[in-house]
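What follows is one structure encoded as structure tokens, with my remarks underneath.
The values are calculated or read from the model by the stated rules, or taken from the named source; none is laboratory data. In this text, all values refer to a predicted model and were calculated from it rather than measured experimentally. Because the Cβ atoms are built from the backbone with ideal geometry, glycine has one as well, and the counts that use them run over all protein chains shown.
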Amino acid sequence: MVKLFTSLLKPIKIAGFILICVAFALPGKAQIAPQGIIPQPVEVKYGNGAYAFFEHRIGLSDGVSPDNIIFFKNYFRSLAGKDLSISRSALEICDIYLKLDANKVRESEGYKLVVDSRGVVIIAHDQAGIFYGLQSLIQLLKVKDGKVEVQFCGITDHPCFPYRGMHLDVSRHFFEPAAIKKWIDLLALYKINTFHWHLTDDQGWRIEIKKYPLLQSISAYRDETIIGHKKDSPHRFDGKRYGGYYTQDEVKEIVKYATQRHITVIPEIEMPGHALAALAAYPQLGCTGGPYKTATYWGIFDDVYCAGNDETFAFLQNVMDEVLPLFPSKYIHIGGDECPKTKWKTCPKCQKRIKDEHLKDEKELQSYFIGRMEKYLNSKGRQIIGWDEILEGGLTPGATVMSWTGEEGGIAAAKQHHDAIMTPEKYVYLDYYQSLYPAEPLAGGGYTPLSKVYNYEPITSELSGDEAQYIKGVQANAWSEYMASPAQAERQLFPRMLALAEVAWSSKQNKSYPGFLKRLRYQQPLLKKLNIDAADVFDEITDSVTETADHRVALSLQTTLPGAEIFYSADGSEPGLNAKQYNEPVIVDATGTIKASVFLNSKQVGRVYEKSFTIHKAIGKKITLKNQPQGGFNPGNTFGLVNGVFGSGLYNDGQWYGFSGDDLEAVVDLGSVQSVSQLGINILKYHWQKMWEPTLLTFEISADGNNYTEVYRQTDFPDNGINAVRANIQTQQARYIRVKGTNKGIIPPGEYIPGAKAWLMVDEIVIL
């Protein structure tokens with residue numbers, strides 16, 4: 001026994017085993033080791049010294065399920081090259097002792113783990129606690145001189161939220177059972193306890209339903225798949241039939257595999273929208289009767305289940321009758337999101353249903369649909385979860401809301417005393433870009449770097465203490481439109497899923513992003529050993545463009561890599577160690593491109609950063625907007641319109657200003673009367689993203705801010721993407737420049753999402 005623990009010895013009896021174990025409060029002078037656990041435990045202290053496994057035996061006290069050690073044994077074998085034997089005998093010496101004791105560990109899923117010179121002890125509240133104690137132990141194991149060892153430590157731990165989830169869409173792209181199991185192992189290792197399996201959507205039905213064989217032969221396949229991003233126009237396709245589905249036996253096997261790792265699998269069967277794949281096989285379930293085809297591109301489609309047709313409910317209830325025996329989960333997810341009401345408005349059956357049920361409108365018809373399916377599932381002993389659109393028309397009693405469009409749905413549900421799970425796309429969508437570098441692989445959109453996921457807090461200040469209890473947890477969502485292979489999926493999922501794990505498990509007070517990164521770096525060999533192709537871009541350069549006190553542009557560069565240095569160039573050349581070292585924000589006074597590289601110990605790390613600037617007369621000038629930008633396209637100030645940085649075609653860099661249904665009217669004050677010869681602005685046009693060009697764009701000039709003269713107008717914006725408007729005018733004197741853009745307004749019939757408000761997207765008002 002090392003000296004550090006001499007004063008802490010105390011006997012513990014575990015099912016006949018008597019061993020000497022350290023108390024859980026280690027002395028204050030114990031040193032924190034350069035290693036760590038994800039998610040961060042409630043309390044952890046490390047001691048000097050390590051225990052080396054020699055018996056290769058694990059002792060289980062009464063009641064401890066051997067299922068808890070399956071994953072641990074597999075991993076230990078990969079380290080030690082030999083199996084751990086199981087013992088329940090009081091006469092055998094073991095390396096690890098496991099015990100259930102709800103009196104000593106009072107929190108559900110909680111555990112205490114102690115390592116000293118006599119071995120490892122895990123005492124837990126329940127079976128899940130035993131399992132999670134072993135997952136923490138896995139993260140601490142290392143091999144030294146051919147032996148598996150673990151550092152002396154004392155850990156007390158339990159989760160912050162009972163629901164800790166990851167969602168995976170397999171409709172857009174299908175992943176084989178082996179890949180699903182591999183990812184379940186990773187979820188378990190980091191104490192995620194829920195796998196939300198999105199099994200049906202417009203692009204494919206992925207679960208075998210024996211009563212409806214056409215779901216397997218028709219709905220599970222699409223004729224071809226879109227190439228590139230949905231925003232591209234015209235769409236291009238690969239011409240290859242694509243699909244697949246999980247047999248019920250495969251589903252049972254995956255659910256059992258997950259259950260052994262204390263992961264609940266929640267199936268999602270989408271309704272009433274996202275139903276095209278099902279309608280392709282059974283067209284009588286739609287409002288028009290078809291014909292329908294499984295979707296070949298991504299998006300929202302008007303053809304949904306007919307809410308006025310009783311056969312629709314019979315079909316979905318029969319489907320559920322086969323789904324429920326496969327999934328023992330308390331919850332069944334029924335979708336409920338993105339359901340256009342276009343076909344319902346003209347469907348005689350749906351309109352009759354509205355009249356017969358005394359419903360106000362199509363939104364209440366959706367509530368009726370959800371409520372009817374909820375009653376059926378309740379009769380089977382299950383509860384529903386739905387995306388936050390199930391709030392439309394009134395939330396049905398007992399429903400749990402999964403808040404994805406923002407936090408508002410979860411807040412509204414909690415205030416109504418309904419359980420909610422926070423999944424806001426702005427923070428926890430893993431199909432979004434995790435880096436703004438141009439070389440990033442194609443992704444869904446948005447920008448959720450590792451730091452943004454990690455810093456998300458599920459409980460907002462808008463909720464009182466009583467209301468906060470209805471926030472049951474948090475979940476990261478991964479939609480597979482742009483994840484065509486397991487390797488692509490892993491790069492999107494990890495390591496951001498580890499950040500989500502810490503958001504879900506660790507208390508806010510115990511969280512530290514630098515500390516998390518330190519532990520993440522320590523665990524890189526573990527991820528590689530588990531053959532996880534995780535992204536490694538989190539230490540790359542990030543930036544911020546700000547306005548100085550004298551209205552110039554300042555570029556700040558950061559890296560989270562400890563001990564690293566940044567070198568940069570302002571002439572477009574590749575920055576090496578002979579370039580300028582970055583020590584303070586760079587003032588940008590000239591048009592050009594700044595490049596920068598990270599160096600650690602004189603060796604370049606990661607990719608080269610670059611950002612281009614265009615300097616013009618409007619830089620840093622005051623701008624007045626008549627209408628304010630909205631949603632995710634409101635940067636919170638007007639400097640982005642005059643900072644010299646052009647937004648990218650990915651529209652995820654915070655440079656674009658979006659007006660939903662509203663017109664653009666911006667006035668730039670140059671501060672004094674000046675000569676003006678060129679006026680410009682960037683317009684983003686992606687009809688497939690509801691981003692429409694203005695029907696009319698004009699520039700006006702004024703010397704006094706009262707009397708304006710129009711000097712340019714444009715109605716044609718031909719490019720799908722960025723339309724860079726640059727109007728060369730006869731040189732004139734002006735102080736004020738007014739830019740007007742007339743919003744398309746309501747998207748017309750025949751276009752994507754007809755009837756919705758169009759976005760008018762603008763960036764960088766250029767004045768020369």
Q: Could you check how many residues of the range 577-622 are closer than 28 Å to ASP669 by Cα and polar (S, T, N, Q)?
A: 4
Q. Is at least one residue of the range 291-308 at pLDDT 95 or above and in a helix (DSSP H, G or I)?
A. no
Q: Scan the range 94-114 for residues that are among the aliphatic types (A, V, I, L, M) and over 23 Å from LEU527 (Cβ atoms) and jot them down.
A: ILE96, LEU98, LEU100, ALA102, VAL105, VAL114
**Q.** From ILE138, ILE180, ILE218, residue being part of a helix (DSSP H, G or I), among the β-branched types (Val, Ile, Thr) and outside the structural domain of THR423 (by TED's automatic domain parsing)
**A.** ILE138
Q.
Return the pair list, or none, for Cβ contacts closer than 9 Å from residues in the range 381-405 that are more than 20 Å from LEU316 (Cα to Cα) and assigned to a loop (DSSP other than H, G, I, E, B) to residues that are among the hydroxyl-bearing types (Ser, Thr, Tyr) and at pLDDT 90 or above, at least 6 apart or on different chains.
A. GLU392/SER367; GLY393/SER367; GLY393/TYR368; GLY394/SER367; LEU395/SER367; TRP404/THR423; TRP404/TYR429
Q: Please specify each residue of the range 685-707 satisfying the condition of being surrounded by fewer than 18 Cβ atoms within 10 Å (Cβ to Cβ), within 18 Å of ARG735 (Cβ to Cβ) and either touching a residue at least 40 places away in the same chain (Cβ under 8 Å) or among the charged types (D, E, K, R) (or both).
A: ASP704
Q.
For the condition over 19 Å from LEU768 (Cβ atoms), at pLDDT 95 or above and of a type in the set (A, V, I, L, M, F, W, C), what is the one hit in LEU664, LEU641, LEU697, LEU670?
A. LEU664
Q) Has the range 299-309 got at least one residue that is more than 27 Å from ALA128 (Cβ to Cβ), of a type in the set (Ser, Thr, Tyr) and without any contact (Cβ under 8 Å) to a residue 60 or more places away in the chain? A) no
Q. Residues that are touching a Lys or Arg at 6+ places or on another chain (Cβ under 7 Å) and surrounded by 15 or more Cβ atoms within 10 Å (Cβ to Cβ): which strands (runs of 3 or more DSSP E) entirely in the range 560-607 hold 3 or more of them?
A. 565-569
Q: Report yes if CYS350 is within 28 Å of the chain's Cα centre (by Cα) and either in a helix (DSSP H, G or I) or buried (at least 21 other Cβ atoms within 10 Å of the Cβ) (or both), otherwise no.
A: no
Q.
Return the residues of the range 144-187 that are among the polar types (S, T, N, Q) and closer than 25 Å to GLN492 by Cβ; say none if nothing qualifies.
A. SER171
Q) Could you give every pair whose Cβ atoms fall below 6 Å, whose first residue belongs to the range 209-232 and is surrounded by 20 or more Cβ atoms within 10 Å (Cβ to Cβ), and whose second residue is of a type in the set (D, E, K, R) and assigned to a helix (DSSP H, G or I), counting only separations of at least 6 or pairs across chains? A) ILE209/GLU322
(Q) What's the number of the only condition in (1) without any contact (Cβ under 8 Å) to a residue 24 or more places away in the chain; (2) crowded, with 17+ Cβ neighbours inside 10 Å that ASN682 fails to meet? (A) (1)
Q: Say whether the condition of being more than 26 Å from PHE327 (Cα to Cα), assigned by TED's automatic domain parsing to the domain that holds TYR456, crowded, with 24+ Cβ neighbours inside 10 Å and out of contact with any Pro (no Cβ under 9 Å at 6 or more places or on another chain) is met by at least one residue in the range 375-385.
A: no
